[in-house]
Amino acid sequence: MADKTEQFSLIPLRDIVIFPTMVTPVFVGRKKSINALDVAGDTDKKIFLVLQKDSGVNDPGIEDLYNVGLVADILQVLKLPDGSIKVLVEGAYRAEIKDLFVEEECTYVNVKPFEDKNEDETFYKYLRESLMQHFKEFAQTENKIPKEIYDSIVKMDDLNNLSYMIASNLSIRVSEQQEILEIASLSERIEKIIEFIEMETEIKKIDKKIKQRVKSQMTKTQREYYLNEQIKAINKELGRDEDIKADIEELQTAINEKKMPKIVREKAEKELKKLRIMPPMSAETTVVRNYLDWIVSLPWGEYTEDILDLEKAENILNRDHYGLEKPKERILEFLAVKKFSERIKGPILCFVGPPGVGKTSLAKSIAESMNRNFVRLSLGGVRDEAEIRGHRRTYIGSMPGKIIQSVRRAESMNPVFLLDEIDKLGMDFRGDPSSALLEALDPEQNNSFSDHYLEVDFDLSKVFFITTANTVESIPHALLDRMEVIRIPGYTEREKLNIAEKYLFPKQLSEHNIPAEKVDIAENAILDVIRYYTKEAGVRNLERELASVIRKAAKKLVTENNVTSVKVTRKNLENLLGVKRFRLEHVEESEDVGVATGLAWTPYGGDILQTEVAAYEGNGQLQITGHIGDVMQESARTALSVVKSRARRFQVPAYKFKDFDIHLHVPEGAVPKDGPSAGITMATAILSALSGIYVDCNIAMSGEINLRGKVLPVGGIKEKVLAAHRAGVKKVILPEDNRKDLTEVPSDVKKQISVVFAKTIDDVFDIVLKTKTKEMG
Ligand SMILES: Nc1ncnc2c1ncn2[C@@H]1O[C@H](COP(=O)(O)OP(=O)(O)OP(=O)(O)O)[C@@H](O)[C@H]1O
């Protein structure tokens with residue numbers, strides 16, 4: 001490329017700057033430009049391309065063009081259907097216009113190559129690094145540069161070409177690209193490109209910031225307003241406007257029709273008025289709407305008519321429940337009092353007993369016999385006052401409390417309302433749910449029960465509340481005071497057998513729709529289910545296992561061709577229910593040293609627990625294991641002191657308390673145990689371990705002791721005696737003061753077991769300690 005003037009035909013460019021070495025399509029439409037192509041084709045296929053200053057000018061003169069353009073090779077010419085031409089050019093070198101001749105058919109230019117300035121190239125390396133770094137950052141933020149272009153740019157060796165390539169890919173104005181094209185010095189050109197890149201990235205950043213600021217400035221209400229307007233528009237489009245209106249009218253009708261008290265009606269009308277003027281989809285509207293939905297769905301003024309027919313009630317109670325004489329009698333008395341005086345507000349019934357003894361089903365039978373609706377609310381784990389009394393409406397997602405929710409489910413103002421597991425009510429920093437419950441249960445105040453959500457009083461005075469608990473100990477005192485406790489202890493094996501035969505099995509058969517003659521179960525098979533597949537005071541699991549037996553039998557009937565009926569016997573039981581899950585609890589040894597048989601009460605019934613004690617050389621420490629609670633730990637210490645005070649009588653030398661460690665262990669470590677009732681058992685085992693005197697393990701015992709050795713009464717007598725009976729124990733020691741509780745124990749059990757009563761620990765020792773002594777090492 002000599003430094004001389006050359007002549008080319010001209011194509012003026014609109015809105016595009018072409019750089020050297022770039023291969024680009026150019027669309028040519030103007031007549032003169034098409035002719036310029038023809039002229040170029042006749043010569044050496046070179047053409048001069050330069051940017052127009054104003055793209056609106058049709059036939060530009062020298063003053064309308066930039067000075068520096070590009071001499072380019074024509075690679076391909078393509079005629080398009082609309083008569084215009086697409087020409088593929090490759091930029092050869094930059095050139096400067098010296099002269100311009102506007103002819104009729106096309107414009108010619110005399111140009112001189114626009115040379116690069118000679119420079120010291122030592123800094124090019126650094127310039128290159130800087131350029132690449134900027135470009136990479138730009139490519140990342142911009143994310144517009146196609147991957148293949150990016151890859152080819154990154155690989156480019158020639159710095160000149162690199163600068164052109166990058167410049168052509170920046171999203172800057174054409175005049176700015178032209179500016180780059182016109183810079184003769186490579187280093188200056190690169191600096192300019194870097195400047196543009198920085199400007200671009202900065203603009204992007206500012207842009208982002210502004211967008212964010214605008215976004216956050218758009219306040220919640222503005223957004224809501226905007227969204228609401230949109231929803232309104234959408235609703236209108238879809239014709240839902242009418243739906244919303246109809247909805248409001250529906251609410252109005254419901255308010256009119258419900259037998260709500262005046263004050264509630266006024267409140268509802270007021271809220272409805274608000275709703276009418278609110279934008280349909282605002283958050284506040286939803287709150288008001290939900291509130292009104294709740295108000296109109298409550299059974300205001302709906303009462304079922306009571307039937308207080310004692311004979312019918314008794315029949316229903318007997319129809320559904322075996323035994324339970326005392327509770328049934330008490331229930332009938334209660335109903336009788338109600339019949340005579342509607343106004344006397346009797347105490348609230350509280351059924352206390354282990355799971356599955358029929359507390360819930362008794363309550364259901366009461367409801368049925370009185371012709372009332374029945375609803376059940378489990379209080380287990382309720383720790384928050386708001387769960388009972390509801391959250392104020394200002395809370396997002398608030399609702400009425402569980403009492404009001406349950407009344408809605410009951411669909412009448414006077415249901416039988418079972419508050420289950422009242423002993424499991426919790427209490428923590430969120431308030432005391434029992435105080436809210438107290439208000440619901442208290443006949444003096446419950447005609448105006450206040451729920452935080454409803455904001456209007458609700459009359460609970462006609463509700464018949466019944467509560468249930470596994471144990472009275474953990475019922476809050478204030479609640480217990482208002483309740484009449486009816487105890488339903490666990491069942492004996494015989495009772496369970498009767499319940500299973502007469503109630504559970506037939507009930508399950510009919511629930512499974514299986515005719516009685518198709519599946520039968522032998523008495524001893526039921527006994528085996530009770531003994532080896534369930535371990536409970538009630539009959540819930542027994543019922544479940546019987547259901548399972550029935551299902552398995554039904555499958556046999558269906559799948560095995562020749563089987564027309566199934567008789568479940570002791571022999572085929574294991575085939576149906578799988579291997580036995582429990583073994584009978586029984587006393588391991590008939591006599592031993594350092595062990596005693598205790599009786600424990602758990603919320604799930606009674607259990608026998610053999611307490612073991614080992615004594616070995618040490619320094620007078622007492623170690624206790626077996627997952628036992630604080631009260632039981634203290635009771636163990638008391639037992640040790642009691643034994644110390646009787647050491648001389650049993651010839652236990654004093655050094656044994658000083659130079660021996662005592663380890664007391666209560667097996668079945670997985671079951672947490674607590675309470676003072678193992679006092680006499682622990683004292684017996686400790687004394688035996690230290691003295692070497694044998695203990696009669698066939699005698700089971702339960703009793704608390706104080707430091708002076710007096711035996712104090714304990715709870716759960718029926719469960720404990722039943723557990724002893726189940727384990728085959730023949731004799732039981734109980735505190736003298738528990739003599740009266742023996743009436744709870746069924747007489748068939750009492751016939752088979754002898755109960756002795758002890759006043760002091762010495763009485764206990766006299767009964768259980770043998771005369772034999774083991775030689776101690
Ligand atoms: N004496 C009984 N006669 C007949 N069926 C009984 C008897 N006791 C319990 N059942 C039956 O045992 C099942 C469990 O009883 P229910 O659910 O009433 O126990 P629960 O004492 O309320 O237990 P939880 O305390 O776990 O709620 C019911 O199907 C019930 O009908």
Inset, instruction - Could you list which residues have their amide H under 5 Å from that of Tyr93, counting only those 5 or more apart in sequence or on another chain, with H placed in the peptide plane? - result: Val71
Legend entry - Per-residue HN-Hα couplings for region 73-88 [Karplus 6.51, -1.76, 1.60; θ = phi - 60°; Hz; x = Gly/Pro]: 8, 8, 8, 7, 10, 10, 7, 9, x, 7, x, 7, 10, 10, 10, 9
Legend entry - Cα-only radius of gyration and Dmax that characterise region 241-297, units Å: 10.8, 32
Legend entry - Dipole in debye (nearest 20) - region 493-577, about Cα centre, beta carbon charges: Lys, Arg +1; Asp, Glu -1: 160
Inset, instruction - Pick out, from Phe417, Gln133, Ser754, the residue whose Cα sits farthest towards the positive end of the charge dipole of the chain, with +1 on the Cβ of Lys and Arg and -1 on the Cβ of Asp and Glu. - result: Ser754
Inset, instruction - First compute the accessible area of region 310-487 with a 1.4 Å probe, then give the percent of it belonging to carbon and sulfur atoms. - result: 49
Inset, instruction - Determine the shape class of region 290-389: with a ≥ b ≥ c the square roots of the Cα gyration tensor eigenvalues, call it rounded for a/c under 1.5, and otherwise prolate if a/b is greater than b/c, oblate otherwise. - result: oblate
Legend entry - Non-local Lys pairs in region 121-197, i.e. 8 or more apart or on different chains, that have alpha carbons under 13 Å apart: 4
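Under the definition of Cα pairs under 8 Å and six or more residues apart, what whole-number percent is the relative contact order of region 691-767?
That works out to 34 percent.
What ranking, highest mean first, results for peptides 166-174, 308-316 when packing means the other Cβ atoms within 10 Å averaged over each residue? Could you put the intermediate results ahead of the total?
Values: 166-174: 17.9, 308-316: 15.1.
In decreasing order of mean packing, 166-174, 308-316 become 166-174, 308-316.
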Inset, instruction - Would you mind getting the Kirkwood hydrodynamic radius of region 24-126 from its Cα pairs, rounded to one decimal in Å? - result: 15.0
Legend entry - Largest-first ordering by accessible area, 1.4 Å probe, given options Thr141, Thr743: Thr743, Thr141
Legend entry - Debye log10 I(q)/I(0) at q = 0.05, 0.06, 0.08 Å⁻¹ for the chain, Cα point scatterers: -0.60, -0.68, -0.84
Inset, instruction - Taking a cut-off of 24 Å between Cα atoms, list the lysines near Lys45, but don't count ones fewer than 8 places away on the same chain. - result: Lys4, Lys31, Lys32, Lys79, Lys86, Lys98, Lys112
Legend entry - Nearby lysines by direct alpha-carbon distance to Lys710 (threshold 23 angstrom, same-chain neighbours under 8 apart not counted): Lys644, Lys673, Lys718, Lys720, Lys731, Lys740, Lys759, Lys770
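Taking every DSSP beta bridge with both residues inside the chain, roughly what % is antiparallel (nearest 5)? Don't skip to the end; give the middle numbers.
Numbers: 57 of 97 bridges.
Bridges in the chain that DSSP calls antiparallel: roughly 60 percent.
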Inset, instruction - Assign unit charges at the C-beta atoms only (+1 for Lys and Arg, -1 for Asp and Glu), then state the dipole size of region 608-764 relative to its Cα centre in Debye, rounded to the nearest 20. - result: 520
Legend entry - Ordering of 694-701, 104-111 by burial proxy (mean other Cβ atoms within 10 Å per residue, highest first): 694-701, 104-111
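So for Tyr66, Tyr453, what's the accessible-area order with a 1.4 Å probe, most first?
Numbers: Tyr66 55, Tyr453 5 Å².
Greatest to least solvent exposure: Tyr66, Tyr453.
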Inset, instruction - Please work out, to two decimal places, the log10 of the ratio I(q)/I(0) at q = 0.15 Å⁻¹ from a Debye calculation in which every Cα of region 479-599 carries one identical scatterer. - result: -0.74
Legend entry - Rounded accessible area of Leu577 (nearest 10 Å², 1.4 Å probe): 20
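Would you work out if region 57-109 is rounded, prolate or oblate? Take a ≥ b ≥ c from the square roots of the eigenvalues of the alpha-carbon gyration tensor; rounded if a/c is under 1.5, else prolate when a/b is larger than b/c, oblate otherwise. Don't skip to the end; give the middle numbers.
On the way: a/c = 2.41, a/b = 1.31, b/c = 1.83.
Taking the square roots of the gyration eigenvalues as a ≥ b ≥ c, region 57-109 is oblate.
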Inset, instruction - Using the Cα centre as the reference, give the magnitude of the dipole from point charges on the C-beta atoms of the chain (Lys, Arg: +1; Asp, Glu: -1; all else neutral), rounded to the nearest 20 debye. - result: 4220
Legend entry - Residues of the chain: accessible area per residue with a 1.4 Å probe, Å²: 51
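What is the chain's relative contact order, in percent, from Cα pairs under 8 angstrom and six or more apart in sequence? Display every interim value, and only then the final one.
Numbers: 1357 pairs, mean separation 56.1, N = 777.
In percent, rounded to a whole number, it is 7.
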Inset, instruction - Choose one of Leu349, Ile733, Gly606: the residue whose Cα lies farthest towards the positive end of the charge dipole of the chain (beta-carbon charges +1 Lys, Arg; -1 Asp, Glu; about the Cα centre). - result: Ile733
Legend entry - Share antiparallel - DSSP beta bridges, region 591-773, percent rounded to 5: 60
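Ordering Thr467, Thr122 from largest to smallest accessible area (1.4 angstrom probe), what's the sequence?
Values: Thr467 0, Thr122 90 Å².
Correct descending sequence by accessible area is Thr122, Thr467.
How do 49-59, 710-720 rank on mean C-beta neighbours within 10 Å, highest first?
Details: 49-59: 16.0, 710-720: 22.6.
Highest mean packing first, the order is 710-720, 49-59.
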Inset, instruction - Could you pull out every residue, at least 5 positions away or on a different chain, whose amide H is within less than 5 Å of the one on Val755? Hs are placed 1.01 Å off N in the peptide plane, and Pro or chain starts have none. - result: Val732
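Once you keep just the Cα pairs under 8 angstrom separated by 6 or more residues, what percentage relative contact order results for region 6-113? Write out the running numbers ahead of the final one.
Working: 243 pairs, mean separation 38.0, N = 108.
Relative contact order of region 6-113: 35 percent.
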Inset, instruction - Stick to Cα atoms and the Kirkwood definition of Rh, then tell me Rg/Rh for region 310-487. - result: 0.97
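The values are calculated or read from the model by the stated rules, or taken from the named source; none is laboratory data. What you are looking at is a predicted structure, and each value in this text was computed from that prediction instead of being measured. When we count neighbours, we look across all protein chains shown, and the Cβ atoms used for this are built from the backbone with ideal geometry, even at glycine. Ligands, DNA and RNA are stripped out before the accessible areas are found, and what is left, the full protein with its side chains, is counted by its heavy atoms. Shrake-Rupley method; radii C 1.70, N 1.55, O 1.52, S 1.80 Å.
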